[in-house]
Every structure is written in C-alpha cells, then in structure tokens.
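Peer 1: To start, I am sharing the structure in question, which I have written as structure tokens.
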Amino acid sequence: MNIGEKITEFIKQSERVVAVTHKPRGPEYTQMAFITALGITIIGMIGFVINIGAHYLR
C-alpha cells in the first residue's frame, strides 16, 4: 500500500466518522458539562486531601 492509498483510506475513514457524529443538543451538552465539572471537582478534592495529608506529615 503506497502513501496515496493510505491517504485516501484515511480520508474515507474520516468522512465516515464525521457522518456519524452530531452536535450535542441542550440536555446532552448539560449532562456532559455536569459530568466534566464533577470529575474536575473530585480530582481537586483528592489533590486537596493529599496536600493536607502531606502538610501534617511534615
């Protein structure tokens, strides 16, 4: 398979992915934003607990 065939195959696969995807509607966007914010909050809380634990171990 030469480089031209690889590029053509990649373009076909990319077109297939774009055809399947869609712009998120309001409720779907809200749910994704909520889950992302929840994940960031949980990671921040874990970091805070580790920081407090390290502070008391000094």
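Every number here is computed from the coordinates shown, using simple stated rules; none is lab data. All values reported here derive from a predicted model rather than from experimental measurement. So basically every Cβ, Gly included, is an ideal-geometry build from the backbone, and we count neighbours across all protein chains shown.
Peer 1: Using only Cα atoms and rounding to the nearest 10 degrees, what angle (0 to 90) does helix 26-57 make with the longest principal axis of the chain?
Peer 2: Rounded to the nearest ten degrees, it is 40.
Peer 1: Under unit Cβ charges (Lys, Arg +1; Asp, Glu -1), what dipole magnitude, rounded to 20 debye, does the chain have relative to its Cα centre? Please list the in-between numbers first.
Peer 2: Numbers: 6 positive and 4 negative charges, 28 e Å.
Dipole about the Cα centre, nearest 20: 140 debye.
Peer 1: Where does the chain land on Rg/Rh, using Cα atoms and the Kirkwood Rh? Display every interim value, and only then the final one.
Peer 2: Values: Rg = 22.0 Å, Rh = 15.8 Å.
Rounded to two decimals, Rg/Rh equals 1.40.
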